[in-house]
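Participant: Quick one: structure below, then a few questions.
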Amino acid sequence: MIPFHAHVPIISWRDTAMRKPALLCALAATLALGAAAPTFAADVQIGFTGPISGPASFLGQQMKWGAEQAIAELNKRGGVLGRKVSFTMLDSQCRPAEAVSAAQKLISQDKVDVLMGDLCSGATMAVMPLAESAHKPMIVSISTLPEITDKAGVGGNKWVFRTVPNDRMLASVIGTQLAHTKTISFIAEDTDYGRSAVKLVKARLGADAKVVSEDYVKSTETDFLPVLTRLRSTKPQALAVFMLDQQGYNLMKQYTQFGLKMPLVARPPLLAPLAKGLLAGGKFDGSWTVYPYFDQYSSPANDAFVKPFVAQHKQGPHYVAYGVYESIMVAADAIRRAGSTGPDAVREALAKTDYQGILGPITFDDHNQSHNNLMLVQVEHGKLGVKLIPSK
């Protein structure tokens, strides 16, 4: 969260901001007529942190859009427990310290009923102890670091739940896909996510598989020519990529300039709108990614989510928009079953969740981890094909 100064406002997004002037006018009119002031039930408050500013701010925008759609749908149905639902998103820049400051404000000042995790795993991990000490139910909707699951539920932080598959589950599917790969290189962002993902996938490679190279780059790095030059001579069968969209897109552009032929696998940003033009030429045929969500998967439930999203924003929902949307729906379901927003009641209801989500049922195990279906997305003839795969 950006520190408050007189000339720098705290960066936040609130869906209730535009309703306040109208509400105040209505209240003033009522008082002018001499009538008793009406009593308004407090909104059910959802709060989360994310990158409103910084390199990942485009994903923060998608998070906001996902929240807006979920809130609009819930309120159209009458809200939750007869109360409107609202959300507040504060800026973390994907940094742990900023995420903690933002979460403290959401808990102590905004009085949110449910807290949600950040985009970046490091930021989410930093907020988890705060949720525990404040006895605030927290849903992790995007971050995939396995340690979040390890620290939650039985024997750990009972206030934290995760609705998205973690990297261990993703690595299991990736390892299966790489079963016949004999030589492989890795390139990943130098973060908890990047290093953990590479470690998990390496542990699942076949006994005769050889790791040709392993490179980690800063999240701000844009020049991949040294790595690609080396790959052109070593010629691994596949290049496993673990990066956020913009950086991965830069890698893909330079990859095509070098005329490399090995497929990109694991978590390259093949689904990103930026990458669409690069795929069309067929240069990435044979590449694939395992992802928690892909908007082009066709089913009645996903179509009902995607259609209004595209109509509103002129682009499909990213995985992060889906993650926030789904988690808000899970939170609303738990509050409805709990019959209140009391933290203990909501936490107990979350533990008993059996919610029919967009990709299938969402339930939580002893470590408060859901086991949603995953998506294997492959490039064939310049186009993306998708297959639903159960997570383990």
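Derivation of every value follows stated rules applied to the coordinates shown; laboratory data play no part. Predicted model, so just to flag it, every value in this text is computed and none were measured. Here the Cβ is made from the backbone with ideal geometry for all residues, glycine too, and neighbour counts use every protein chain on show.
Participant: To the nearest 500 deg cm²/dmol, what mean residue ellipticity at 222 nm is calculated for the chain from DSSP H runs of n ≥ 4 alone, each contributing -39,500 (n - 2.57), summed and divided by the residues?
Facilitator: -12500 deg cm²/dmol
Participant: Quick one: Kirkwood hydrodynamic radius for the chain, alpha-carbon pairs, angstrom, one decimal?
Facilitator: Evaluated over the chain, this radius sits at 22.0 Å.
Participant: Considering just Cα atoms, how many Å³ per residue does the convex hull of region 143-231 enclose?
Facilitator: In region 143-231, the Cα convex hull volume per residue is 110 Å³.
Participant: Could I ask something else about it? For helix 20-32, what angle does its Cα long axis make with the longest principal axis of the chain, in degrees from 0 to 90 and rounded to 10?
Facilitator: The two axes meet at around 0 degrees.
Participant: Answer rounded, prolate or oblate for region 262-392, using the Cα gyration tensor with square roots of eigenvalues a ≥ b ≥ c: rounded when a/c is under 1.5, else prolate when a/b is larger than b/c, else oblate.
Facilitator: Prolate, since a/c reaches 1.5 and a/b exceeds b/c.
Participant: Here is a further query. For region 237-286, taking Cα atoms only, what is the radius of gyration to one decimal and the Dmax to the nearest whole Å?
Facilitator: According to the Cα coordinates of region 237-286, Rg and Dmax are 9.7, 26 Å.
Participant: Between GLY357 and residues 5 or more places away or on another chain, which pairs have amide H atoms under 5 Å apart, with H built 1.01 Å from N, and which residues are they?
Facilitator: Amide H neighbours of GLY357, under 5 Å, 5+ apart: ILE362.
Participant: I would also like to ask the following. ³J(HN,Hα) across region 193-204 via Karplus (A = 6.51, B = -1.76, C = 1.60, θ = phi - 60°), whole Hz, x for Gly/Pro?
Facilitator: 4, x, 5, 5, 4, 4, 4, 5, 5, 4, 5, 10
Participant: Moving on to the next point. Taking the Cα atoms only, what angle lies between the long axis of helix 300-313 and the longest principal axis of the chain, rounded to 10 degrees?
Facilitator: 80
Participant: Whole-Hz Karplus ³J(HN,Hα) for region 48-59, in order, using 6.51 cos²θ - 1.76 cosθ + 1.60 and θ = phi - 60°, x for Gly and Pro?
Facilitator: Coupling constants for region 48-59: 8, 10, x, x, 6, 10, x, x, 9, 5, 5, 6 Hz.
Participant: Hey, can you grab everything whose amide H is under 5 Å from the amide H of THR144? Only 5+ residues off in sequence or another chain; H modelled, so Pro and N-termini drop out.
Facilitator: Under 5 Å from the amide H of THR144: SER121.
Participant: Provide, as a two-decimal number, the C-alpha radius of gyration of region 190-252 over 2.2 N^0.38 Å, N being how many residues it has.
Facilitator: 1.15
Participant: With the alpha-carbon atoms as the only input, what is the per residue convex hull volume for region 37-94 in Å³?
Facilitator: Here the figure is 80 Å³ per residue.
Participant: Still on this model: So if I place +1 on the C-beta of Lys and Arg and -1 on the C-beta of Asp and Glu, and nothing else carries charge, what would the dipole magnitude of the chain be about its Cα centre? I want it in debye, nearest 20.
Facilitator: In total the dipole reaches around 540 debye.
Participant: Using only the Cα atoms of region 77-232, build the gyration tensor, take square roots of its eigenvalues as a ≥ b ≥ c, and label the shape rounded, prolate or oblate: rounded if a/c is under 1.5, else prolate if a/b is larger than b/c, else oblate.
Facilitator: Because a/c hits 1.5 or more and a/b exceeds b/c, region 77-232 counts as prolate.
Participant: Further question: LYS235: which lysines have alpha carbons under 29 Å from its alpha carbon, excluding same-chain residues fewer than 8 sequence positions away?
Facilitator: Cross-link targets: LYS182, LYS199, LYS202, LYS210, LYS218, LYS253, LYS261, LYS276, LYS283, LYS383, LYS387.
Participant: Quick one: which residues, 5 or more positions from HIS367 or on another chain, have an amide H under 5 Å from its amide H? H modelled 1.01 Å from N in the peptide plane, none for Pro or chain starts.
Facilitator: Those lying under 5 Å, H to H, from HIS367 are VAL154.
Participant: Next up: Across region 226-233, in residue order, what do the Karplus-derived ³J(HN,Hα) couplings come to in whole Hz, using 6.51 cos²θ - 1.76 cosθ + 1.60 with θ = phi - 60° and x for Gly and Pro?
Facilitator: x, 5, 5, 4, 5, 5, 5, 8
Participant: Same structure, new question: Averaged across orientations, what area in nm² does the convex hull of the alpha carbons in region 168-291 project?
Facilitator: The orientation-averaged projected area of the Cα hull of region 168-291 comes to 6.7 nm².
Participant: Helix 96-108 against the longest principal axis of the chain: what's the angle in degrees, Cα atoms only, rounded to the nearest 10?
Facilitator: So the helix axis and the longest Cα principal axis differ by about 20 degrees.
Participant: Ranked from highest to lowest mean number of other Cβ atoms within 10 Å per residue, what is the order of the peptides 47-60, 270-283, 95-108, 147-160?
Facilitator: Ranking the peptides 47-60, 270-283, 95-108, 147-160 by packing returns 47-60, 95-108, 147-160, 270-283.
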